[in-house]
Amino acid sequence: MAETKQQDAIALLKEDHKTVEELFTKFENASGDGRKEKIARQICLELTVHAQIEEEIFYPACEGKIEEDLLKEAYVEHDGAKILIGEIESGSESSDDFYDAKVKVLQEQIEHHVEEEEMRMEGMFAQARKAGIDMDALGEQLAARKAELTELYTTQGLPKPKLTTMEPSF
Ligand SMILES: [Fe+2]
Ligand SMILES: [Fe+2]
């Protein structure tokens, strides 16, 4: 596996956001079921790993140091995305008339969520930076876990989404 470059936590997470944004654009421009599905699967992989490293490492480090509401909403937003990711991951263009719509809505949800994280001044990252969290140390942990999970999910496939904030009873 390629050596992971040293990035602070925020740089790493922002780069992930950019990667996914580019993949969504690629999806929009792609034609043919096979190509679209391949890109959609890549989106699901990237987002699953990203959400998991945020929830395992970055968000807990923010606990008590940033606005509580913002953090709670972030977890709920992740869960909303995970539901769509599960749908997209287990579906296909040919079997699901709503496949493209699901990818589109996921994109819109992620754009909103990324905005909440990256927003200048009041965003989660800005608040975390202001709180003096050690971003270099966190960056190392995030990179290591990201490499591990990417390898795991690339070889074994994505696990069923695990929701953090809800247990649907319907
Ligand atoms: Fe993020
Ligand atoms: Fe997030």
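The values are calculated or read from the model by the stated rules, or taken from the named source; none is laboratory data. Fair warning: this is a prediction, and the values are worked out from it, not measured in the lab. No Cβ is skipped: glycine too gets one built from the backbone with ideal geometry, and neighbour counts run over all protein chains shown. For accessibility, only protein heavy atoms count, side chains too; no ligands or nucleic acids. Shrake-Rupley method; radii C 1.70, N 1.55, O 1.52, S 1.80 Å.
Looking only at VAL105, VAL20, VAL114, which one moves most when the chain is put into a Gaussian network model with springs between Cα atoms under 10 Å?
Checking each option, the largest mean-square fluctuation is seen for VAL105.
Could you give the longest part of the chain that holds none of the GluC sites (Glu not before Pro) found in DSSP loops with at most 10 neighbouring Cβ atoms within 10 Å?
On the way: sites that count: GLU3, GLU63.
My reading of the result: 64-170 is the longest stretch.
Using alpha carbon coordinates only, what is the Rg to Rh ratio of segment 120-170, with Rh defined as the Kirkwood radius? Each step should come with its number before you reach the end.
Details: Rg = 16.0 Å, Rh = 14.1 Å.
Rounded to two decimals, Rg/Rh equals 1.14.
Percent of accessible area on segment 57-131 owned by carbon and sulfur, 1.4 Å probe?
Working: 2120 of 4010 Å².
Answer for segment 57-131 is 53 percent, counting heavy atoms of protein chains only.
Ranked by accessible surface with a 1.4 Å probe, highest first, in what order do LYS5, LYS82, LYS14 come? Each step should come with its number before you reach the end.
Numbers: LYS5 125, LYS82 25, LYS14 90 Å².
My answer, sorted largest first, is LYS5, LYS14, LYS82.
Just the Cα atoms of the chain, one point each, no solvent: what log10 I(q)/I(0) does Debye give at q = 0.10, 0.12, 0.20 Å⁻¹?
Once normalised to I(0) and log-transformed, intensities are -0.38, -0.55, -1.42.
Pull out the extension gain between ASP69 and LYS5, defined as 0.36 nm times the separation in residues minus the alpha carbon to alpha carbon distance; nm, one decimal.
Details: separation 64, 0.36 × 64 = 23.04 nm, distance 3.25 nm.
Extra length available between ASP69 and LYS5 comes to 19.8 nm.
Give me the distance in nm between label points sitting 7 Å out from Cα along the Cα-to-Cβ direction at SER31 and ALA137, one decimal.
Modelled inter-label distance: 5.4 nm.
Which length gain, in nm to one decimal place, applies between HIS112 and LYS130 when the Cα-Cα distance is subtracted from 0.36 nm times their residue separation?
Computed gain between HIS112 and LYS130 is 4.3 nm.
Using label points projected 7 Å from each Cα along Cα→Cβ, tell me how many nm separate VAL105 and MET166, to one decimal.
About 1.1 nm separates the two model spin labels.
Give the ranking of PHE27, PHE98 by solvent-accessible surface, highest area first, calculated with a 1.4 Å probe.
Values: PHE27 10, PHE98 135 Å².
Sorted descending by solvent-accessible area, the residues read PHE98, PHE27.
Quote the accessible area belonging to THR19 in square angstrom, nearest 10, computed with a 1.4 Å probe and with ligands, DNA and RNA left uncounted.
Roughly 50 Å² of THR19 is accessible to a 1.4 Å probe.
Please get the size of the charge dipole for the chain, origin at its Cα centre, with Cβ charges of +1 on Lys and Arg and -1 on Asp and Glu, quoted in debye to the nearest 20.
Working: 20 positive and 39 negative charges, 81 e Å.
It comes to approximately 380 debye.
How do ARG120, ARG41 stack up against each other in accessible area, from largest to smallest, with a 1.4 angstrom probe? Don't jump to the answer; show the numbers that get you there.
On the way: ARG120 195, ARG41 95 Å².
Listed by decreasing accessible area, they come as ARG120, ARG41.
Semi-axes of the equivalent ellipsoid for segment 13-72, please: Cα gyration tensor eigenvalues, times 5, square-rooted, ordered largest first, whole Å. Don't skip to the answer; put the middle values down first.
On the way: eigenvalues 185, 22, 14 Å².
Those come to 30, 10, 8 Å.
For THR19 and ASP97, what does the FRET efficiency come to when R0 = 22 Å and r is the distance between their Cβ atoms, rounded to the nearest 0.05?
Values: r = 28 Å, r/R0 = 1.29.
According to the calculation, E is roughly 0.20.
Go ahead and estimate [θ] at 222 nm for the chain from helices alone: -39,500 (n - 2.57) per DSSP H run with n ≥ 4, summed, over the residue count, rounded to 500.
Taken over the chain, the calculation gives -23000 deg cm²/dmol.
Which value, in Å² rounded to 10, gives the accessible area of LYS18 with a 1.4 Å probe and all protein chains present?
120 Å²
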